[in-house]
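Participant: Here's a structure for you.
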Amino acid sequence: MDIKSGHSSPVMTDSPQISNSRLTVRQSRLPPYSSATAVSQNNNLLLTVPRKKTGIIDDVKANAWLDAMIASSPTPAIVDKDNISSSDATTDMTYREWTVKYPSALTTFEKIMSVAKGKRIALFLDYDGTLSPIVEEPDAAYMSSDMRTAVQNVAKYFPTAIISGRSRDKVYEFVGLSELYYAGSHGMDIMSPAGESLNHKHLSRTVSINEQGKDVNLFQTASEFLPMIDKVLCSLVESTKDIKGVKVEDNRFCISVHYRNNWTLVAQCVDDVIRTYPKLRLTYGRKVLEIRPVIDWDKGKAVTFLLESLGLNNCEDVLPIYVGDDRTDEDAFKVLRDGPNHGYGVLVSAMPKVSNAFYSLRDPSEVMEFLKALVTWKRSLG
Ligand SMILES: O=P(O)(O)OC[C@H]1O[C@H](O[C@H]2O[C@H](CO)[C@@H](O)[C@H](O)[C@H]2O)[C@H](O)[C@@H](O)[C@@H]1O
């Protein structure tokens, strides 16, 4: 990974991976992303990554979606330290400069709490990269028991939801706390804790039985896509089976295609499969391509839905806080920044990034400190 800091906003790249690449995709579902959000439904794109002439950074920057995809690709646990060209000191300084715009939620904790005073906090937490560190093997992204305790404690005081790109079952398996709200598949599959009734004026619910045999409410916004998603899942498993480092993950209402090398080949394979499905779209995260239904629903919508269902929307005395690390969390940050339910997004990142969040935390260990601080603060109020 190379961090170029000669621009006003330093850009992270995986230049060794892309320096010789050329990818032309016609009539593709690969989206032309803007710098912070990942939304496009354009069917007729011509995307070209030209061979390096003057500088790969410029070439890549000319292709906004690719730039953004690569920028979000490096994962702290996978990064090869030897490839970092900037000195640690420069990196540190760049990070400190960045925190002027996105202050640490720990160092500004008192300021945040002065706003929270007299308000009810509603807490939204992403999973991967926020509650668990990013690791090479997606199935091994375990949460520490200390983090679990921190989440459990915070949920005693504030309504707490986990909002993840993973399937709801998988994230529930990792977290294992039945007292939380869970929104899997980027918010397309929402479950209330047992014993909590969740109602919404527009969306109908189904009642299901959880592992302890108790009733839980489910809100699923993309059920009609399930047969299509299952079909695409099978095709993707088949078409990528010989590509080293690829793992296709079934996230129920969406699919993740993880890649470690050969990303152009993987992108092409994915594109070949989904180009005949106009009702699906492609987004991306850290070394992952994600296929999901073309519906107007994302993590931001899930936050709004949960606030409405909990009767916490448009309330002067509610402060929603969303902590997340990924591109898909930006939708939620934006909702809290610009929407009627004013709150704070907290971006978890050890690298400078452009974000809709207000605050930042470096990594999951700082997230845990933040959760503990919230509990201490709440207890201090008596
Ligand atoms: O919304 P999230 O909870 O942040 O989930 C986003 C994706 O996270 C997982 O992939 C990422 O984390 C893996 C484990 O650390 C890592 O190996 C992978 O490279 C990352 O992309 C998950 O596997 C995906 O399905 C989620 O969509």
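Participant: Would you kindly work out the equivalent ellipsoid of segment 84-180 from its C-alpha gyration tensor and give its semi-axes, the square roots of five times the eigenvalues, largest first in whole Å?
Facilitator: 27, 23, 10
Participant: Cα convex hull of segment 252-382: mean projected area in nm², to one decimal?
Facilitator: Its Cα hull, projected and averaged over all orientations, spans 10.3 nm².
Participant: Give me, ordered by chain and number, the residues 5 or more places off Val318 or on other chains with an amide H under 5 Å from its own placed amide H.
Facilitator: Answer set, sorted by chain and number: Arg120.
Participant: Something else: How long are the three semi-axes of the equivalent ellipsoid of segment 125-261, in whole Å, if each is the root of 5 times an eigenvalue of the C-alpha gyration tensor, listed from largest down?
Facilitator: 27, 21, 11
Participant: To continue, here is another question. Taking a probe of 1.4 Å, how large is the accessible area per residue of segment 225-293, in Å²?
Facilitator: On a per-residue basis, segment 225-293 sits at 39 Å².
Participant: Run through every distinct alpha carbon pair of segment 243-321 and return the Kirkwood hydrodynamic radius in angstroms, one decimal place.
Facilitator: Roughly 14.7 Å, rounded to one decimal.
Participant: If I take every Cα pair under 8 Å that is 6 or more residues apart in segment 225-293, average their sequence separation and divide by the length, what percent do I get for the relative contact order?
Facilitator: Relative CO of segment 225-293 lands at 31 percent.
The values are calculated or read from the model by the stated rules, or taken from the named source; none is laboratory data. It should be emphasised that the depicted structure is a prediction, and the values quoted were computed from it without experimental measurement. Calculation scope for accessible area: heavy atoms of the full protein, side chains included, ligands and nucleic acids excluded. Shrake-Rupley method; radii C 1.70, N 1.55, O 1.52, S 1.80 Å.
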